[in-house]
Amino acid sequence: MTRFTRLFSFFRFQLFQLIGLARFPGLATLSLFVTLAPFQAAAQNMVIKGATILDVTNGDMLKNHVVIVKDGRIDAVSPARSADIPKGIEVIDLQGHTLLPGLIDMHVHLTFGGGYHGYERLKLTDERRAILGVVHAKQTLMAGFTTVRNVGAGSFGDVALRDAINDGDIPGPRMLVSGPPIGITGGHCSDNNLLPPEYGISGEGVADGPWAARTAVRRNIKYGADLIKTCSTGGVLSKGTKVGAPQYTVEELTALIDEAHSRGLKVASHAHGAEGIINALIAGADTIEHASFIDDEGIRLAIENNAALSMDIYVTEYILGEGASAGILEESLEKERMTGATQRSNFRKAVEAGATIVYGTDAGVYPHGQNAKQLSRMTRFGMTPLQALQSATTVAAEVMGLGYEVGKIEAGYAADFVTVEGNPIEQIELLEAPSAVIKGGVRYR
């Protein structure tokens, strides 16, 4: 090892110590693990025994089974008495624990958050957001979420974060990313409405008109987006937008979605208001984010079009409980007061109607790493515990286009697992504090 390499490794070690030990002293074990090399955690071969395996496809609890992992993938799931366990392989005994697939969050903002709301967000440079993304990615993974869909990030910070995780530079979940969200002048998610007109600031996602929308889609694809995020209504946390008011015409949305679909990308449309939801569904959106004021026609169209609803029914508690002290504007607090209860009521209606609902939390509005808190709210407002878990595993994986890769504990799938001490079907809150997290055959917790 050269002197330069030794110095590089030392400083890299110190950086991860700062991120891991100093900021999160409870994660000391993880920090020591990830800093043994320039991260580059290698997939391990292992046998997991003793745990009860929850089959999330049907709710069966498989006892006395083993899971054999080779090169980061599940090689076999079989009864312990007949398992062909390779000699010399590491055996992990999880007696008394329940083993589930790694969880999936379909709506996060890893480069946002950290307590920066309202005008405080103007303090953040792109570089600062990138650093926050590193911290938030680690928190999310440690919470048991091994796959996420990042729907909106400035300057393609989420693309850089995804690539750093994939290259083994930092720990974090698998990511599908959208890059900058696309929308109208003065709209939610696309523009910057906090500064007065003399600054002449326009958001990087602004694209007015069908051809401009197509161009914006092409730009995002050029720079590495895995999906497209747009906004077809106003939002709670954007200054000057009405939460239920439509944004984009059906013509504009149709052009945007057609461009994305023609390139093989799915489209997530932020939409609170009933009209904007219907506009997005008519135009062909794949997922509706929030869906707060969805009506019967919107639910019918979502089912008919095989579109999924991602309804963040936990976040209202944070906004109304801690939002003011976190810097969320009074205008936004008032909009949330008009939105949260209706969204939860409509969540129940959508569940009862049989709509496809995926797990999406809007983490970044509230602190990262608390993603699992929404599971108990989903059961409180109409889902069974198994349905809630499916929304964060099999259903989310299928809607993301990763149904062949993640979301199940079956041979051939990625070795992504989360465990809890006890039965999450009986007490789903257990997933708010997982006992172990494994992603791609690498132990993180």
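The values are calculated or read from the model by the stated rules, or taken from the named source; none is laboratory data. None of the values given here were measured: they were computed from a predicted structure. Methodologically, a virtual Cβ is constructed for each residue, glycine included, from the backbone with ideal geometry; neighbour enumeration extends over all protein chains shown.
Here residue 228 qualifies as hydrophobic (A, V, I, L, M, F, W, C) and free of Cβ contacts under 8 Å to residues at least 60 places away in the same chain.
Could you go through segment 157-170 and let me know if any residue there is in a helix (DSSP H, G or I), among the acidic types (Asp, Glu) and closer than 21 Å to residue 266 by Cα. Looking for residues that are in a helix (DSSP H, G or I), among the acidic types (Asp, Glu) and closer than 21 Å to residue 266 by Cα, one finds at least one in segment 157-170, hence yes. If you scan segment 296-331, which residues turn out to be more than 23 Å from the chain's Cα centre (by Cα) and in contact (Cβ under 8 Å) with a residue 60 or more places away in the chain? Hits for segment 296-331 are 327, 329, 331.
Per-residue answers, yes or no, for (1) assigned to a strand (DSSP E or B); (2) farther than 15 Å from residue 210 by Cα; (3) β-branched (Val, Ile, Thr); (4) not assigned by TED's automatic domain parsing to the domain that holds residue 183:
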| position | (1), (2), (3), (4) |
| --- | --- |
| 259 | no, no, no, no |
| 269 | yes, yes, no, no |
| 280 | no, no, no, no |
| 289 | yes, yes, no, no |
| 302 | no, yes, no, no |
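Screening residue 254 against (1) in a helix (DSSP H, G or I); (2) surrounded by 22 or more Cβ atoms within 10 Å (Cβ to Cβ) leaves a single unmet condition, (2).
Quick one: is residue 387 over 16 Å from the mean Cα position of the chain (by Cα), over 27 Å from residue 322 (Cβ atoms), at pLDDT 95 or above and surrounded by fewer than 23 Cβ atoms within 10 Å (Cβ to Cβ)? It is true that residue 387 is over 16 Å from the mean Cα position of the chain (by Cα), over 27 Å from residue 322 (Cβ atoms), at pLDDT 95 or above and surrounded by fewer than 23 Cβ atoms within 10 Å (Cβ to Cβ). The set of residues in segment 285-306 being farther than 16 Å from residue 364 by Cβ and surrounded by 24 or more Cβ atoms within 10 Å (Cβ to Cβ) consists of 285, 287, 288, 291, 292, 294, 298, 302.
Each row is one residue, and each column tells you yes or no for (1) surrounded by 14 or more Cβ atoms within 10 Å (Cβ to Cβ); (2) at pLDDT below 95; (3) not hydroxyl-bearing (Ser, Thr, Tyr).
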| site | (1), (2), (3) |
| --- | --- |
| 325 | no, yes, no |
| 329 | yes, yes, yes |
| 337 | no, no, yes |
| 340 | yes, no, yes |
| 346 | yes, no, yes |
| 350 | yes, no, yes |
| 356 | yes, no, no |
| 359 | yes, no, no |
| 363 | yes, no, yes |
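Of all residues in segment 389-440, those satisfying the criterion of being closer than 14 Å to residue 53 by Cα and acidic (Asp, Glu) are 410, 416, 421. Restricting segment 187-229 to residues that are part of a loop (DSSP other than H, G, I, E, B) and among the charged types (D, E, K, R), the residue that is nearest to residue 161 (Cα to Cα) is 226. Looking across segment 208-241, the residues that are more than 25 Å from the chain's Cα centre (by Cα) and modelled with pLDDT of 95 or more come down to 208, 209, 210, 211, 212, 214, 215.
In segment 332-342, the residue that is nearest to residue 370 (Cα to Cα) out of those that are touching a residue at least 60 places away in the same chain (Cβ under 8 Å) and either among the charged types (D, E, K, R) or touching a Ser or Thr at 6+ places or on another chain (Cβ under 6 Å) (or both) is 336.
The single condition among (1) of a type in the set (Ser, Thr, Tyr); (2) over 25 Å from residue 435 (Cβ atoms); (3) buried (at least 21 other Cβ atoms within 10 Å of the Cβ) that residue 146 does not meet is (2).
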